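The values are calculated or read from the model by the stated rules, or taken from the named source; none is laboratory data. Remember, it's a predicted structure, so these values are computed and weren't measured experimentally. For neighbour counting, all protein chains shown are included, and Cβ atoms are generated from backbone atoms with ideal geometry for every residue, glycine included. Areas reflect the complete protein model, heavy atoms only, side chains present, ligands, DNA and RNA absent. Shrake-Rupley method; radii C 1.70, N 1.55, O 1.52, S 1.80 Å.
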Amino acid sequence: VRLQTQPPSLPGQPPMYSGTFDCFRKTLMREGITGLYRGMAAPILGVTPMFAVCFFGFGLGKKLQQKHPEDVLSYPQLFAAGMLSGVFTTGIMTPGERIKCLLQ
């Protein structure tokens, strides 16, 4: 993200970061090891509810397609249940990713 959002360099001057390893080195020197984890608190805090909602959506997707609880679902039915879990998960994951990008 830092490489993508670095300010444009003035004509005749080198950019702030010359590449991935230069960005890594400068971040480590300026901010220490914690600079590498900036913006990670929101995704870490969002992982538990995200997986809970993901499993809920998958279970709901399976139940909607089963006539009886012991019915075995086909692969396309499992795929559809997984897609429903993704729809539920997006509501939690998207704001966390946005916050992470802004903090980085």
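Rg and Dmax over the alpha-carbon atoms of the chain stand at 21.2, 71 Å.
In straight-distance terms, cross-link reach from Lys62 covers every one of the aspartates and glutamates whose alpha-carbon lies under 19 Å from its own, apart from those fewer than eight places away in the same chain; here that gives Glu70, Asp71. A simple spin-label model places the labels of Arg30 and Val72 5.8 nm from each other, with each point 7 Å out along Cα-to-Cβ. Here the 3J(HN,Hα) profile of region 45-50, calculated from phi with Karplus coefficients 6.51, -1.76 and 1.60 at θ = phi - 60°, is 5, x, 5, 5, x, 5 Hz, Gly and Pro shown as x.
Phi angles across region 32-42 convert, under the Karplus curve 6.51 cos²θ - 1.76 cosθ + 1.60 with θ = phi - 60°, into 3J(HN,Hα) values of x, 5, 5, x, 6, 10, 4, x, 9, 5, 4 Hz, Gly and Pro given as x.
Scalar couplings 3J(HN,Hα) for region 73-83, obtained by applying the Karplus form with A = 6.51, B = -1.76, C = 1.60 to θ = phi - 60°, are 8, 7, 4, x, 5, 5, 4, 5, 5, x, 5 Hz; x denotes Gly and Pro. Measuring nothing but how far apart in sequence close Cα pairs (under 8 Å, 6+ apart) lie, relative to its length, the chain scores a relative contact order of 31 percent. Each other residue within a Cβ distance under 14 Å of Arg2 adds +1 if Lys or Arg and -1 if Asp or Glu, for a net charge of +3. Taking the Cα centre of each part, how many Å lie between region 60-81 and region 16-41? Cα centres, region 60-81 to region 16-41: 46 Å.
Of the solvent-accessible surface of the chain, computed with a 1.4 Å probe and all protein chains present, 70% belongs to carbon and sulfur. Positive end of the dipole of region 41-103 (Cβ unit charges, origin at the Cα centre): among Pro69, Ile92, Gly82, the Cα lying farthest that way belongs to Ile92.
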